[in-house]
1. Give the lysines whose C-alpha is closer than 29 Å to that of Lys363, dropping any in the same chain fewer than 8 places away, or say none.
2. Can you list the residues of region 545-576 with backbone N under 15 Å from a point 7 Å past the Cα of Val583, pointing along Cα to Cβ?
3. Between Glu109 and Lys50, what's the calculated FRET efficiency when r is the beta-carbon distance and R0 is 30 Å? Round to 0.05.
4. Quick one: in region 309-365, what % of C-alpha pairs are over 19 Å apart?
5. Got a sec? How would Phe118, Phe490 order by Cβ neighbour count within 10 Å, fewest to most?
6. Quote the FRET efficiency, to the nearest 0.05, computed for Asn170 versus Met1 with a Förster distance R0 of 51 Å and r equal to the Cβ-Cβ distance.
7. Fewest first, what order do Arg403, Arg323 take by the number of other Cβ atoms within 10 Å?
8. Provide the gained length on full extension for the span Val290 to Asp249, in nm with one decimal, where the gain is 0.36 nm per separating residue minus the Cα-Cα distance.
Amino acid sequence: MKILLITPPLLQPNTPYAATPLLTAWLKSLGHEAVQSDLSLSLLLKLFSKEGIESLSQELDVPVEAAEPYLNTVEEVIAFLQNRNPGLVGKILQRGWLPEGEHLARAYEQEEQLQWNFRGLEPDDCARYLASLYLDDIADVASELDPHFGFSRYAEKLAASLPEFGTLRNEVEQGDSIFFQWLEELTDAEMQKYRPKMVAITVPFPGCLLGALVVARRIRKTFPLVHITLGGGYVNTELRELKDPGIFDYVDSITLDSGFLPLQRLAGGGKPVRTFVCEQDQVVFQTSEVAEVAHADLPAPDFQGLELSNYFGMFETLNPVTRLWSDERWNKLVLAHGCCWSRCAFCDTSIDYICRYDPADAKTICNWIETITTETGFSGFHFVDEALPPDLLDALCDELLERNLQIEWWGNIRFEKHFSTALIQKMASAGCIAVTGGLETGCDRTLKLMKKGITVEHAKRVLFDLADVEILTHAYLMYGFPTQTVDETFQALEMVRDLFDGGVLHSAYWHQFALTDHSDISIHPERYGVTVPSRSSSGFANNEIPFEYEFDHDVAEVGAALKAATYNYMHGIGFDVPLNEWVV
């Protein structure tokens, strides 16, 4: 069967999302003619073009003289961020060549105040930073035309935990922004080019759902006989209890969890696996007992059909670790399905993508790496596992070193005792340049309560060992966790400050705790002192759950203080400010 796999808007434009290359390779291995398209990238490239700027200007009635500086620069800047126009560095660094909107003007203002030469960036990096802020300014103008537009998300707040489909349907049917028009044109072009029998659209995040439905609606109108199916991370977490049949006006089926077997059955005509369909205006979940595809049996991701040279990086914050997510070109690769720990009380531990742990072996992974490097021409890898298993990493590093594979890689780990000094040294030798990991509450009492499986002492030792071999680190931090006191919260901030001040931690971000439907806390709220009000049954999306807990502090106020302090620490300033002064 001819199958088109689509990544809808909006996602970060620096590298392909992992889903379609994996599924394309799998379907090809079964004999199907699978092709793929990144409409998220295509939509952004449409915006950041002369045609896009002209259309924005006309829609917003912007005077020609105000739009002209952007018309004269936008395509050169995109080519520069695509690494196609390195000679543009001098022009960008010459102040006045780029028109200055709010983001760019603020950066120059901060530079004048601090006199830090943009933290000593090399000319090329400084130009990338300024060029990225210039694009942010254009994106802000685009959001005036369509408030749902965000640089790497579209209508994210609308789609998150949406109890009824009707609200989203209204946006799909009544939306008339230029982005809808462009997306329909891009969809038409891909459908005419490939003329598939089936279209599979991945929806990894809430900020992709509206775009996915606009694409599906257009296909339904222009190619009514094509089977349209949805899957992906958003579907797997939010739509597990789907009852509202409204979404089936746009799609024919919705698959849960790993998409390999469901797509195989849909394409091959076999008995459905983990698939929602609509029968006589009722949502029906079809499935059968089958053995999952072993992760080690999967082929290497296939990037054919994706124009890799069109992806462009964004360097918007002066932090070397934060930059990894949005800049550079990374080959995304999964070493193991699921999480090797899968016990954290706040995590979706009851869902397949967490609870079913299935690693590949080191030799298979290295074979994938060699294949991908040859196909793409890029030797940078982002291992996108939930948590990289230390034993598998140990074996992988041995295999990388034995084969003398010269790659750079980074990924998410747990700051646990099994990351020994020797293993961390081996990781550095095998090409590891950065890791991310959860320090969460930074307090042993609450870490134990949340079943995190780490201690502050172990985490600090791991961080110091990583710093010793010059591996960059980013910490995920959490505030507003049930039973967490204000004293414990500021003790965690003090630890974070000291780690930054000592050069051991390089990046961090505080997330407010959210109770999700598939976590241990939602299943056993009484163990955490949490009260969950009774809820009416949701017909559509269901993930984040309101809860009640009496904290000894204003969570929002303290959260703002934590973020303000940590933002300053990441920029190497504010270490001498007393902790309580960050609370405004």
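1. Reachable lysines: Lys28, Lys332, Lys417, Lys426.
2. Residues 551-565 fall inside that zone.
3. FRET efficiency, Glu109 to Lys50: 0.55.
4. The share of Cα pairs beyond 19 Å in region 309-365 comes to 55 percent.
5. Phe118, Phe490
6. The calculated FRET efficiency here is 0.90.
7. If I rank by nearby Cβ atoms, fewest first, I get Arg403, Arg323.
8. Here the answer is 11.8 nm.
Here, each number is a calculation from the coordinates, and none is a lab measurement. Keep in mind the model is a prediction, meaning the values are calculated, not measured. We place every Cβ from the backbone using ideal geometry, glycine too, and count neighbours over all the protein chains shown.
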